[in-house]
Amino acid sequence: MHPSQQKEIFLLIIGTISCAVLFSFFDLGFLGATIALAIYTGLNLRQLFRLQNWLVSSDKSNIPEAGGYWGELFNEIHLMDKERRKHQQRLRKVLTRFQKAAAALPDGTVILSNENKIEWANRSANDLLGINIRNDIGHQVTNLVRHPGFIQYLEQGNFNEIISIPSPEKPNHSLVIQIIPFGSSQRLLTCRDITHIRKLEAMRSQFVANVSHELRSPITVLSGYLETLRGMQAIKPDVLHKALNNMHEQAKRMERLVVDLIALTKLETTPSAEQKTVDVAALLSSLVEAAQEISGSKQHKITLQIDSTRQLRGSQEELYSLFSNLINNAVRYSPEKTHINVRWFASNDEAVFEVEDHGPGIAAIHIPRLTERFYRVDADRSRESGGTGLGLAIVKHVLERHDGHLIIESELDKGSTFRCIFPNKRTIS
Ligand code: ADP
């Protein structure tokens, strides 16, 4: 027994006995004991009422004043109440933090009751599903997300699966939704915008289709020749010569495609360009010389204008690929004997590489798409001149990796200018 309880019982017994002894002088010992017990009960009742009044009052800091056993009791209740309040405050803080974190999640999150009524939703759920925490609490989720696939998913209750539906809020956006049961009967609905993944998948399929298409015709030509040659008893030298020449051309075409594909993959998968000093003037001199040779019988007049001594910080190999793609395009697409001007100059804290030709020009509608892989204005013309459809995609990637950008100016039947702008931070004076 607690010492204060022992003390209380002791006082009760002593008080009752003392009263009984006192009253026994008048032969009223029993009455004395009864009076003592009645006084004791009255005092305790008073404290009990004070305790109840205190417990029901809103201000628990006002502890009733009492000594002895009741004083200790009031004090203990007060301490317990203080501890409970502290605990509540801690819980409230954790809950607020959790709600803030859940509200900031990029995935839509909705808490549903077992009857699929909305109990809570975060901001992303509003963006993706149109569920607004202010207006929609207590509403059936199917009133807001009405897609038949979603309704069926909810009814079937097989929540190991995920489903994909169009966003009811954002046109052309795809969502994946999963329901996770938790607690006794609640459900957590999560949804994620997978539009970009779908786009990437579509781009990948398109890319594979394009590569297959590019490879199919040279392979068809090669196997056609091989089939014909295999079936011939004796092959005339001129026929064989023509066949070998054509086969060689097709093999070269495939090789160019594979080389460009490898270059593009490398640009897309390696983190960043090297940081070496590249002597642009020297690089362009050798490229222009090579371009004059490629021009051959077309006798283009290729001029090189170096107006800046600036060098570039980056990858020699990648910049070689960038410059040669643009110079070679000018040679491949321009009619014979036309003028092609290659320039390297500085302007407004930037270094500029520019190739200007007097070729067929490009209609404005095509210009924004030219750097897409396999985008060609005239596919036959591109292939005839040895194009892979990947040159400008490579140019775009190399420029991005060197913090630069491409400007294309062109006018039909007049010519084109491809301008690469490099920021000052990439140049070395
Ligand atoms: P390709 O291997 O087909 O040349 P590119 O990516 O280098 O591929 O170029 C994409 C398309 O841009 C070309 O198919 C062509 O239609 C157009 N093009 C590129 N450079 C020029 C140019 N100097 N003059 C006219 N058209 C050009």
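In this structure, is LEU240 among the aliphatic types (A, V, I, L, M), over 42 Å from the mean Cα position of the chain (by Cα), outside the structural domain of ASN122 (by TED's automatic domain parsing) and under 21 Å from GLU384 (Cβ atoms)? No; evaluated as a whole, the condition is false for this residue.
So that you can scan it fast, the table gives a plain yes or no per residue for (1) hydroxyl-bearing (Ser, Thr, Tyr); (2) in a helix (DSSP H, G or I); (3) surrounded by 14 or more Cβ atoms within 10 Å (Cβ to Cβ):
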{"residue": "MET247", "(1), (2), (3)": "no, yes, yes"}
{"residue": "LYS252", "(1), (2), (3)": "no, yes, no"}
{"residue": "LEU257", "(1), (2), (3)": "no, yes, yes"}
{"residue": "ASP260", "(1), (2), (3)": "no, yes, yes"}
{"residue": "LEU267", "(1), (2), (3)": "no, yes, yes"}
{"residue": "SER272", "(1), (2), (3)": "yes, no, no"}
{"residue": "GLU289", "(1), (2), (3)": "no, yes, no"}
{"residue": "GLY296", "(1), (2), (3)": "no, yes, no"}
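Results for (1) surrounded by 16 or more Cβ atoms within 10 Å (Cβ to Cβ); (2) assigned to a strand (DSSP E or B); (3) of a type in the set (Gly, Ala, Ser); (4) without any contact (Cβ under 8 Å) to a residue 12 or more places away in the chain, shown as yes or no for each residue.
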position: ASN114; (1), (2), (3), (4): no, no, no, no
position: ILE131; (1), (2), (3), (4): yes, no, no, no
position: GLY138; (1), (2), (3), (4): no, no, yes, no
position: GLU169; (1), (2), (3), (4): yes, no, no, no
position: ILE177; (1), (2), (3), (4): yes, yes, no, no
position: THR190; (1), (2), (3), (4): yes, yes, no, no
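Candidates in segment 382-407 are the residues that are within 7 Å of the ligand (Cβ to nearest atom) and in a helix (DSSP H, G or I); of these, the one that is surrounded by the fewest Cβ atoms within 10 Å (Cβ to Cβ) is SER382.
A search for C-beta distances below 6 Å between a residue of segment 352-369 that is under 12 Å from TYR333 (Cα atoms) and any residue that is within 6 Å of the ligand (Cβ to nearest atom) and among the hydroxyl-bearing types (Ser, Thr, Tyr), counting only pairs 6+ apart in sequence or on different chains, returns ASP357/SER416; GLY359/TYR333; GLY361/SER416; ILE362/SER416.
When segment 408-429 is filtered for residues that are within 16 Å of the ligand (Cβ to nearest atom) and either under 29 Å from the mean Cα position of the chain (by Cα) or assigned to a loop (DSSP other than H, G, I, E, B) (or both), the ones remaining, listed by number, are LEU412, ASP413, LYS414.
Residue by residue through segment 356-372, note down the ones that are of a type outside the set (Gly, Ala, Ser) and more than 8 Å from the ligand (Cβ to nearest atom).
GLU356, HIS358, ILE365, ILE367, PRO368, ARG369, GLU372
The residue pairs whose first member lies in segment 315-330 and is among the charged types (D, E, K, R), whose second member is within 13 Å of the ligand (Cβ to nearest atom) and assigned to a helix (DSSP H, G or I), and whose beta carbons are closer than 6 Å, counting only pairs six or more residues apart or on different chains, are GLU318/VAL398. For segment 314-344, a residue qualifies if it is surrounded by 20 or more Cβ atoms within 10 Å (Cβ to Cβ) and either in a loop (DSSP other than H, G, I, E, B) or more than 15 Å from the ligand (Cβ to nearest atom) (or both), and the qualifying residues are GLY314, SER315, GLU318, LEU319, SER334, TRP344.
The values are calculated or read from the model by the stated rules, or taken from the named source; none is laboratory data. Predicted model, so just to flag it, every value in this text is computed and none were measured. FYI the Cβ positions are ideal-geometry reconstructions off the backbone, even for glycines, and counts take in every protein chain you see.
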